[in-house]
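Following: one structure in C-alpha cells, then a few remarks.
Only the coordinates and a few stated rules stand behind these numbers; no lab work does. Worth saying up front: this structure is predicted, and the values here are computed from it rather than measured. With ideal geometry, Cβ positions are generated from the backbone for all residues, glycine too; neighbour counts draw on all protein chains shown.
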Amino acid sequence: MSEPPGSAFASRFGRAPAGSACAPGRVNLIGEHTDYNGGWVLPAAIELSSFVDVRFRSDRRVCGYSTSRGEAEAGLAEPAHGNWLDYPRGVARVLARAGRLPERGFELLVRGELPEGAGLSSSASLLAASALALRSAAGLSLRSEELPDLARACQRAEAAFVGTPCGVMDPFVSLHAARAHGLLLRCSDLSFRQVPLPEALQLVIVDSGVEHALRTGGYAERARECAQALVEAQRVLGIELGNLSALGEEQLAGLEPALDPLLFRRVRHVVTENARVAAVALALGRTDFEALGSLLYASHESLRLDYAVTCDETDWLVAHSRELAAVFGARMTGAGWGGCTLHLVRAPDGPGAAEALAEAFRGRFGRRPRTWITRAAAGARLTHAGDGPPLEPAPRSPSARAG
Ligand code: GLA
C-alpha cells in the first residue's frame, strides 16, 4: 500500500487507529499433528501477513472492515457469529477475561495477504496481529516474555470461541518467528530455539486447491484418537505419560500388539514425527540437504499411511517432486485433507521448480495451482504506535511471488 499507515482506517472510521500490527502466516517444515500431542514442531513464518489497525470505543460494539471480506459488526459479549470478526473479537474476549485488555468494543481494519483455507494460517496471523494491535491500542506493554501467553490466548480464541480445534503452533510461530530461521518448539512447555535456515534453500509452497469440509471434523477426530491412544498406552505400559510425545521409538514394538491397529498407527506417526523433527534440526545445522529431503518425504509417508490426512493432490505433488533435480524433499504442510505442499528447493531454482510443479499439476488435474516462493520471515510486530510514526516499517512481501 502506498498510502500512509492508518489512513484507510481513518477514512473508514473517521479517526486514526491507536494500535497497528502485522503478523505473518506460516509454513510448517516438519512436526505435523505433534503440537496437540505435546511434541516438537519446526515451522517458519512466510512473507505474507495480516495487517490490523485498531481503536477502542467507549461502548461494547466491535465494528470491523476487512479488505477481502467486507464489513462485520457484533457486540463484544455476543456468541460467535461464524464470520471473520469472530477471530479478533474472540482474542479480545480471551484477553479481557484474563485482565489483559479493557472489556470494551473497538473498531478494526484488516488487510490480509494470505490466501484463506489454504492451510497457511491466515486465521492465526489475524489472531496474532489483532492481539498485538489491541494490546498496543490499550497502551499496554508488549514485552517478549508476554508472547507465549498471547499465543495461548490466540489458540484459546480459535478453539473455544471460533470453534476450530487447533494446537498452539500457528499463533506461536506467527508471534515468535525470526527472519531466516525456523522455530524449533516443544509444545509441552513452549521452550523454543531459532534454527538458522541456510541461504541455499528456498521454500516453494503449492496450494493443492483442495479444501476438504472434513478438515475440522477430521482434525477433531485425530485429536480424540490420540487421547484414546494415550489412555491405552498408559494402561499397557503401566506408567503415566502425560502426552504421546513422552513415548520413544523403542517403546513402539511393545505397544504394537497391545493397541488397536488404527490407534497404533496414530501413535507411530506422532513418535516417529518427533524423531524426524529432531533429525531435521540436526540436518539443517550440518546443511545436509539430502538428509533433510529424505526426512520430509518420510514425514509425508507417515502422514499418508499412519495418520491418513493427505489426499490425491498432495500425494501427487510430493511424488512428482522426486522427479525434479532441484527439489531436496517435499511434504504436505498444515492440517492436511488438502491444503498446501512444501518443497525444499536449491536456491535460486525456486521459481523454476514452482513453474514445473504448477504445469505438471495442470496436466494431471486440469487446473493450475497457486504457488509461492518464500524465505523464512520475521514474526509479528507493531507497525506504528498510536497516531505517531511507524516503530518499524511494515514488511511488504516483495519476494513472496505469487505464481
Ligand atoms: C493445524 C493446526 C495446528 C497443527 C496443524 C497440524 O494447522 O492449527 O495447531 O495441529 O494443523 O500439525
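Miscellaneous remarks
- Rel. contact order, % - alpha carbon contacts under 8 angstrom, at least six apart, segment 201-374: 35 percent
- Among the GluC sites (Glu not before Pro) within segment 21-128, those in coil by DSSP and having at most 14 neighbouring Cβ atoms inside 10 Å are GLU103, GLU116.
- Packing, taken as the mean count of other beta carbons within 10 Å per residue, orders the peptides 8-19, 307-318 from highest to lowest as 307-318, 8-19.
- Computed across segment 201-374, the Kirkwood radius stands at 17.1 Å (inverse of mean 1/r, all Cα pairs).
- Placing unit charges on the Cβ atoms only, positive for Lys and Arg and negative for Asp and Glu, gives segment 201-374 a dipole magnitude near 360 debye about its Cα centre.
- Span from the segment 222-259 Cα centroid across to the segment 277-342 one, whole angstrom: 25 Å
- Loop-resident trypsin sites (Lys or Arg not before Pro) (DSSP state other than H, G, I, E or B) in segment 307-380 with no more than 10 further Cβ atoms inside 10 Å of their Cβ: ARG367.
- Whole-Hz ³J(HN,Hα) from phi, Karplus 6.51 cos²θ - 1.76 cosθ + 1.60, for segment 202-207, glycine and proline x: 10, 9, 9, 10, 10, 8
- The chain - charge dipole about Cα centre, Lys and Arg +1 at Cβ, Asp and Glu -1, debye rounded to 20: 880 debye
- The per residue volume of the convex hull around the alpha-carbon atoms of segment 2-77 is 154 Å³.
- The mean sequence separation of alpha-carbon pairs under 8 Å and at least six residues apart, normalised by the residue count of segment 213-270, gives a relative contact order of 43 percent.
- With the helix formula -39500 (n - 2.57) applied to DSSP H stretches of n ≥ 4, the chain reaches a computed 222 nm mean residue ellipticity of -12000 deg cm²/dmol.
- Working ranking of peptides 186-198, 148-160 by packing, defined as the average number of other Cβ atoms within 10 Å per residue, highest first, is 148-160, 186-198.
- Positive-end residue of ALA354, PRO257, VAL327, charge dipole of segment 201-374 with Cβ unit charges: ALA354
- Helices meeting the span-like rule in the chain (full DSSP H runs, Cα extent of at least 20 Å along the helix axis, mean Kyte-Doolittle score of -1.0 or higher): 122-137, 214-237, 261-285, 289-305, 350-365.
- Build a GNM of the chain with springs between Cα atoms under 10 Å apart, and of ASP349, ASP306, ASP59 the one that fluctuates most is ASP59.
- Over all Cα atoms in segment 118-165, the spread is summed up by Rg and Dmax: 11.3, 34 Å.
- Net charge dipole size for segment 191-294 [Lys, Arg +1 and Asp, Glu -1 on Cβ; Debye, nearest 20]: 160 debye
- Legend: P(r) of the chain from all alpha carbon pair distances, 10 Å bins from 0, whole percents, reading 5, 24, 31, 25, 13, 3, 0.
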